[in-house]
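Here is the structure we will look at, set down as structure tokens.
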Number of protein chains: 2
Amino acid sequence: MGYRVAVVGATGAVGREILKTLHEREFPVDEIVALASPRSTGREVSFGDRTLKVQNLETFDFAGWNVALFSPGASVSAIHGPRAAKAGCIVIDNTSHFRMEPDVPLVVPEVNPNDLKKAKRGIVANPNCSTIQMVVALKPLHDLFTAKRVVVATYQAVAGAGKDGMDELFAQTKGTFVNDPPKVEQFQKQIAFNCIPQIDRFMDDGATKEEWKMTVETKKILDPEIQVLATCVRVPVFIGHSEAVVVEFEEPVDLRKAREALREAEGVVLLDEREDGGYVTPIECVGEDATYVSRLRIDPTVPNGLAFWCVSDNLRKGAALNAVQIAETMIALDLLPHRN
Amino acid sequence: MGYRVAVVGATGAVGREILKTLHEREFPVDEIVALASPRSTGREVSFGDRTLKVQNLETFDFAGWNVALFSPGASVSAIHGPRAAKAGCIVIDNTSHFRMEPDVPLVVPEVNPNDLKKAKRGIVANPNCSTIQMVVALKPLHDLFTAKRVVVATYQAVAGAGKDGMDELFAQTKGTFVNDPPKVEQFQKQIAFNCIPQIDRFMDDGATKEEWKMTVETKKILDPEIQVLATCVRVPVFIGHSEAVVVEFEEPVDLRKAREALREAEGVVLLDEREDGGYVTPIECVGEDATYVSRLRIDPTVPNGLAFWCVSDNLRKGAALNAVQIAETMIALDLLPHRN
């Protein structure tokens, strides 16, 4: 017996990836509905071989639906997430809106699955893409040596800004070959052949909101004692976030044990040879589920230091896959009731 | 009265930039010669309005020449640098070959000009591009608060791999628009729309040689007590290196004083507004001499922490300009004798 599943924001880059992921992973679907804002109503999206006609979120009644995977804008989730939850439908929300609310679990299934039991409001939040891959890689190392401080610099793909972000990189790049001046709309400056050290808006302390998210979300998911200093940078890559991560641990680091733990960790693939090309780059992780860890090495500048490089498909593990895995984990933990 | 100047490796990306920089800065040139390997002999390069016919380095006699700016491969400098120095010509070498030799000064004129007085062998080394911009930005902060540990992640342009590197990014990018599979020659993997966490070869400890260079060169130029952990990454940017730098200091950090010092520092432009676009990106620094510092903020995860973003034109300050500035500083310090 399957579930009645709603996908909200179905026409966006993440929404489409959620539909694809549900189908690929054979999520037990009895009935599925694609929802979006009124302006997208009537458009069509794919679910396996089927075509779904997009319905109007604003007038949709969630009563009798078991789970809704939300990836619209944060302001849309703010209104329709609680409405769906009130109707008895479990909401897995991919926006930043509910993430830091104390009664909303923020979950990466490989890291803190049991937090799902605390979803009293019927809402679970999916973390930010850049946080997810970092905590997946950190978890086995934290279990071994207890991380206390992380310095991370990110190399984030334009897909994090949705389909429009990808279109802008494509158009600006093409423009350089035909001498068209770049149109800057989705990002603050030209992204083609450039790096932009700003993702999301600035906070009062000079960090950006994306950097703040990596700090507070890592604390909520992994351990409130971990300090995180992040610099988040947009790079001209279509899909796949990379991160240069430098960690100080409480306890002495054993590189062999670290490798073993990463090799055995769920959701992690360690691909790390100290030779030309012996690491994973973002274009190589597109369409893959894992978080790839490479360039693992001792940081000799502090007592218990370790540095690594990690890459992951930000649309999959960074968004759609993690959301679907949350739903799967809720089924496994008997937290997703049937309501037929 | 001017100098007799030789430019070695004159047909490369840096060699051409050196010729351009000498002309732009009105370096006191009495006579200039462009030198390169036999296979480039007879080609032509520009020096202002003049055209220089490239001469054969291997048979060139440096006697009577005052200063030679070298930017060929490291193995070429190894042979012809000492040969030129022995003939009484001051050698300013842009390769990595002599940098760590104790009797060869490694100099960034804004940081350690007086080390030029120690050039007993007649050879001065120009640091690695990624090191130069970092120490230019660190120097005024180190003077104020004493840096003890630096964690840096780089976003390095393909121009660091010369004209061939730039051609490869161009060709691979163009190829994606016409469905040509990317040819990988200069870099270890595809660089178009990708990030490669390897620059130079791997060392035994898992760092790359580029990362090792940033560590040992910073110590030699700025302070042997500073610890540096670098992750060096090639990004699909043509010209202009970026760096996310996180520093721990001995003494308490005053953000206002840090800003003042950076504003007054030679070679640094502080451009830092905490609002959309209030920072410098690599495409904006192309052709500029300064090292731009942005995103300056307190790092609250350690007692005396500070983070910033810096960008610079890696062909100019990172190579050609710094070499020419070394020659200018040697004139100012009366270290460049006339030998007519």
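Restricting A:193, A:187 to residues that are under 25 Å from residue B:313 (Cβ atoms), in a loop (DSSP other than H, G, I, E, B) and facing another protein chain (nearest Cβ under 9 Å) narrows the list to A:193.
One line per residue, one yes/no per condition, for (1) in contact with a helix residue (DSSP H, G or I) (Cβ under 6 Å, 6 or more places away or on another chain); (2) of a type outside the set (Phe, Trp, Tyr):
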residue: A:170; (1), (2): no, no
residue: A:188; (1), (2): no, yes
residue: A:191; (1), (2): yes, yes
residue: A:211; (1), (2): no, yes
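Of all residues in the stretch B:97-151, exactly one satisfies the criterion of being in the same structural domain as residue B:266 (by TED's automatic domain parsing) and of a type in the set (Asp, Glu), namely B:143.
Inspection of the stretch A:231-241 identifies no residue that is in a loop (DSSP other than H, G, I, E, B) and away from chain B (no Cβ under 13 Å). Assessment of the stretch A:304-315 against the conditions (at the interface with chain B (Cβ under 9 Å from one of its Cβ atoms), assigned to a helix (DSSP H, G or I) and either crowded, with 21+ Cβ neighbours inside 10 Å or at pLDDT below 95 (or both)) yields no matching residue. Consider residue A:280 carefully, then state whether it is within 14 Å of chain B (Cβ to nearest Cβ) and at pLDDT 95 or above. Yes: the conditions hold for residue A:280. For the stretch B:201-208, the condition holds for at least one residue, the condition being that it is farther than 17 Å from residue A:236 by Cβ, facing chain A (nearest Cβ under 7 Å), more than 23 Å from the chain's Cα centre (by Cα) and without any contact (Cβ under 8 Å) to a residue 24 or more places away in the chain.
Residue selection: residue B:263 satisfies the criterion of being in a helix (DSSP H, G or I), modelled with pLDDT of 95 or more and over 30 Å from residue B:66 (Cβ atoms).
Would you mind stating whether residue A:216 is closer than 30 Å to residue A:82 by Cβ, outside the structural domain of residue A:325 (by TED's automatic domain parsing) and in contact with a helix residue (DSSP H, G or I) (Cβ under 6 Å, 6 or more places away or on another chain)? If you could, list the steps in order and put the result at the bottom.
Details: closer than 30 Å to residue A:82 by Cβ: yes; outside the structural domain of residue A:325 (by TED's automatic domain parsing): yes; in contact with a helix residue (DSSP H, G or I) (Cβ under 6 Å, 6 or more places away or on another chain): no.
For residue A:216, the condition - closer than 30 Å to residue A:82 by Cβ, outside the structural domain of residue A:325 (by TED's automatic domain parsing) and in contact with a helix residue (DSSP H, G or I) (Cβ under 6 Å, 6 or more places away or on another chain) - is not met.
Just one residue in the set A:320, A:261 is more than 9 Å from chain B (Cβ to nearest Cβ), under 23 Å from the mean Cα position of the chain (by Cα), among the aliphatic types (A, V, I, L, M) and closer than 17 Å to residue A:131 by Cβ; that residue is A:320. Give the stretch A:78-107 a look and list any residue that's in a loop (DSSP other than H, G, I, E, B) and either of a type in the set (D, E, K, R) or out of contact with any Lys or Arg (no Cβ under 8 Å at 6 or more places or on another chain) (or both), or say none. Within the stretch A:78-107, A:87, A:89, A:94, A:95, A:97, A:98, A:99, A:101, A:102, A:103, A:107 meet the criteria.
The values are calculated or read from the model by the stated rules, or taken from the named source; none is laboratory data. What you see is a predicted model, and the numbers here were worked out from it, not measured in a lab. A quick note on method: Cβ atoms are made from the backbone with ideal geometry, for glycine too, and the neighbour counts reach across all protein chains shown.
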